[in-house]
Amino acid sequence: MASLTPAAGQPHHPHTLSTLDFQGASSAAAANAMRTELNRLISQVKDENERKLFQNEMGNFFLLFNRWLADRSKGTKINWDKVNSPPEDQVVPYDSIPKVESSPHLNKLAVLKLNGGLGTTMGCVGPKSAIEVRDGMTFLDLSVRQIEYLNKAKNVNVPFILMNSFNTDDETKRIVQKYATHNIEILTFNQSRYPRVNKDSLLPTPRHPNGDIADWYPPGHGDLFESLNNSGLLDQLIADGKEYVFVSNVDNLGATVDEGILNHMVESGAEFLMEVTDKTRADIKGGTLIDYEGQIRLLEIAQVPSEHVEDFKSIKKFKIFNTNNLWVNLKAIKRVVEDRELSLEVIVNNKTTDSGEKVIQLETAVGAGIKHFHNAHGVNVPRSRFLPVKSTSDLFLVTSDLYSLTHGELSINPKRMFNTVPLVKLGDHFKKVNAFLTRFKNPPHILELDHLTVTGDVSFGSDVVLKGTVIIVANAGSHIDIPSGSILENKVVSGNLHILDH
C-alpha cells in the first residue's frame with residue numbers, strides 16, 4: 001500500500017543524529033512520528049484513485065511540516081539588519097504605466113478569486129462571497145458581472161476561476177449554477193485540506209481521513225500554486241492559450257481587470273507582479289515588500305521578531321503594503337511547481353478548538369511566491385484598487401452614496417471632494433450583517449463625512465446625512481434613534497440625544 005517514505009521531505013542534516021542538538025533530535029523524532037500517523041490516515045482510504053490524491057496532499061503537508069520543523073530547529077528568523085526598503089526599480093509607480101483603452105493580451109488572461117473563506121466573522125453562514133454587499137448583489141455577483149461585461153465589450157473570453165476550500169466548495173458550486181446562461185466560463189478547483197496539529201504532541205488531530213471537519217484546515221492562499229497544478233486546471237488553461245492569471249481576494253471590490261497593468265506585465269517580461277498601495281494607520285499589519293539580501297521578498301507581520309514589530313508597523317520605514325492583487329505567468333507557475341522551487345515562508349497560526357485543545361495550523365501566503373519568479377516586482381497602485389470588505393464598517397462604506405456602481409464595478413462618487421475614504425468604526429451592536437441591516441432604514445448620505453464612530457444601541461432613520469466628524473454613543477441601557485432626515489455635522493450625540501457642537 002502507498003505510503004510516505006522517510007525521504008519524502010525529511011529535512012537534510014549534514015550531521016549524524018547523534019551530533020544534532022536536542023532540538024534537532026526532537027525534530028527528527030517529530031517528523032518520524034508525523035510520517036507514521038499520516039501513513040495510517042492514508043491506509044484508511046480504500047478507493048485507489050482517492051488514495052493517490054490524498055497521499056499527494058499529505059505528502060505536500062509533510063514537506064511543509066518538515067520545513068517548519070527545520071526552521072524551528074535552526075531558530076531560523078529573519079535577520080532584521082538585512083531588511084531594507086525595496087529600491088525604486090522594484091516598485092513601479094502606477095502613473096508611469098501607460099493607460100490603454102484595450103489590451104491585445106486580454107484573450108491570454110484568466111481571472112482567479114480566492115474564495116476559501118467563510119462569512120462567520122460577519123455573522124453569516126456559508127462562503128463569504130455569498131454575502132450581499134450592494135444593491136442586492138453578492139461579491140460573486142459583482143465579480144461575474146464585471147467579467148461578463150469585459151467579455152462582451154471587448155469580444156474576448158476571459159475565464160473566471162474560483163479557488164474554493166472544503167468549507168466553501170459545495171455551496172459555491174450550487175450558487176454558480178445560476179450563471180449558467182451568462183456569457184462567462186466559470187471554473188472551480190479546491191485548495192488543499194491539511195490536518196491540524198496538536199501543539200503538544202505535534203501529531204495530526206484527525207483519526208480518520210473523513211472524520212470531524214474541525215480537525216482539518218485550508219492552508220492559506222499560498223497553496224494556490226500547488227493546488228492549481230494538481231487540479232489539472234493549470235494545464236487546461238495553458239492548453240487553451242491562457243498565459244497570465246490575475247489573482248485577488250474575493251472580498252476586494254477594487255480588484256478589477258486593469259489592461260494597463262496587463263500590458264506592463266507582458267512588455268516588462270515580469271513573471272509576477274504584486275499590486276501594493278500606500279500604507280495608512282489602518283494598514284499597519286499588512287504585509288510589505290522588502291529587499292532582503294538583494295532579493296525582493298514579502299514580509300508578513302507573523303515573520304517579524306517581536307522586538308521589531310513596532311518598526312514593521314512604522315509608516316515611515318515601510319510605506320507600502322500588499323493588496324494581494326497579483327498578476328502571475330501561468331507557465332512560470334508550472335515551472336516553479338514542477339521543479340520544486342517553491343519554498344514559501346511558513347506562517348504558524350495558533351488555534352484553540354471548541355473542546356479546548358491547542359492546535360497549530362501551518363499556512364503560507366501566495367504573495368510570498370514573488371521571490372521565485374523572474375523580473376518580479378511591485379506596482380504602487382491607487383487606493384481605489386484596494387477596497388476590501390472585512391467588517392460591517394467596510395460594508396457601511398460600500399453600500400453608501402460614496403460609491404457608484406457600473407457593470408459590477410465600484411468607483412468613488414465624483415461628488416466626493418476628498419480623495420480619502422472616511423474612517424468608520426461601528427461598535428459590537430453592528431458587528432453581524434443582519435444586526436447591521438436592521439439598524440439603517442437606508443444607507444446614510446456620507447459624501448462629506450470624515451470620521452464616524454457609533455457605539456451602543458443606535459438606529460438610523462431614512463435619508464440621514466453625516467458630515468465632518470460624527471460620534472454617537474449610547475450608554476448601556478440607553479437607545480438612540482437618529483430621526484429620518486437628520487443632518488449631523490461635527491456632532492457628538494450622547495445617550496440622552498443632547499446634540500453638542502464638536
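General observations
- Full extension of the segment from LYS431 to MET417, taken as 0.36 nm per residue of separation minus the current Cα-Cα distance, would add 2.1 nm.
- Ranking ALA376, LEU405, PRO388 by Cα position along the charge dipole of the stretch 357-502, where only Lys, Arg, Asp and Glu carry charges on their C-beta atoms, puts ALA376 farthest toward the positive end.
- Once the gyration tensor of the Cα atoms in the stretch 95-168 is diagonalised, the equivalent ellipsoid follows with semi-axes of 29, 14, 12 Å, ordered largest first.
- Carbon plus sulfur fraction of accessible area for the chain, probe 1.4 Å, in percent: 50
- Loop-located trypsin sites (Lys or Arg not before Pro) in the stretch 357-409 (DSSP state other than H, G, I, E, B) with a sparse environment of at most 16 neighbouring Cβ atoms within 10 Å: LYS390.
- Applying the criteria of a DSSP loop state and at most 12 other Cβ atoms within 10 Å to the GluC sites (Glu not before Pro) of the stretch 44-102 yields GLU101.
- The residues of the stretch 387-500 present an accessible area of 49 Å² per residue when probed at 1.4 Å with all protein chains retained.
- Rg and Dmax of the stretch 250-317, Cα atoms only, in Å: 14.7, 42
- The stretch 161-179 and the stretch 334-367: distance between their alpha carbon centers, rounded to Å: 23
- Lys, Arg +1 and Asp, Glu -1 on Cβ, resulting dipole of the chain about Cα centre, debye, nearest 20: 400
- Think of the chain as a dipole: +1 on every Lys or Arg Cβ, -1 on every Asp or Glu Cβ, centred on the Cα centre; then among GLY468, LEU63, SER478, SER478 lies furthest on the positive end.
- Positive-end extreme of charge dipole, the chain - chosen from LEU112, ASN32, ASN434 (charges on Cβ): ASN32
- Cα-centred dipole magnitude for the stretch 352-502, charges only on beta-carbon of K, R (+1) and D, E (-1), debye, nearest 20: 340
- Shape category assigned to the stretch 434-501 from the gyration tensor of Cα positions, a/c cut at 1.5: oblate
- Remark: spin-label model distance HIS407-ALA214 equals 4.7 nm, labels positioned 7 Å along the Cα→Cβ axis.
- Point-charge dipole on Cβ atoms (K/R +1, D/E -1) for the stretch 107-157, about Cα centre, debye to 20: 260
- Prolate/oblate/rounded call for the stretch 151-296, Cα gyration tensor, a/c under 1.5 rounded: oblate
- Convex hull volume per residue for the stretch 75-133, taking Cα atoms only, in Å³: 275
- Per residue, in Å², the accessible surface of the stretch 44-131 once ligands and nucleic acids are set aside, probe 1.4 Å: 52
- Accessible area in square angstrom per residue, the stretch 224-324, 1.4 angstrom probe: 36
- Compactness ratio for the stretch 263-371: Cα radius of gyration over 2.2 N^0.38 Å (N = residue count) comes to 1.24.
- The Rg/Rh ratio for the chain, using Cα coordinates for both the radius of gyration and the Kirkwood hydrodynamic radius, is 0.98.
The values are calculated or read from the model by the stated rules, or taken from the named source; none is laboratory data. All values derive from a computational prediction rather than experimental measurement. All Cβ positions, glycine included, derive from the backbone under ideal geometry; neighbour counts span all protein chains shown. Just so you know, the surface numbers come from the protein's heavy atoms only, side chains and all, with ligands and any DNA or RNA stripped out. Shrake-Rupley method; radii C 1.70, N 1.55, O 1.52, S 1.80 Å.
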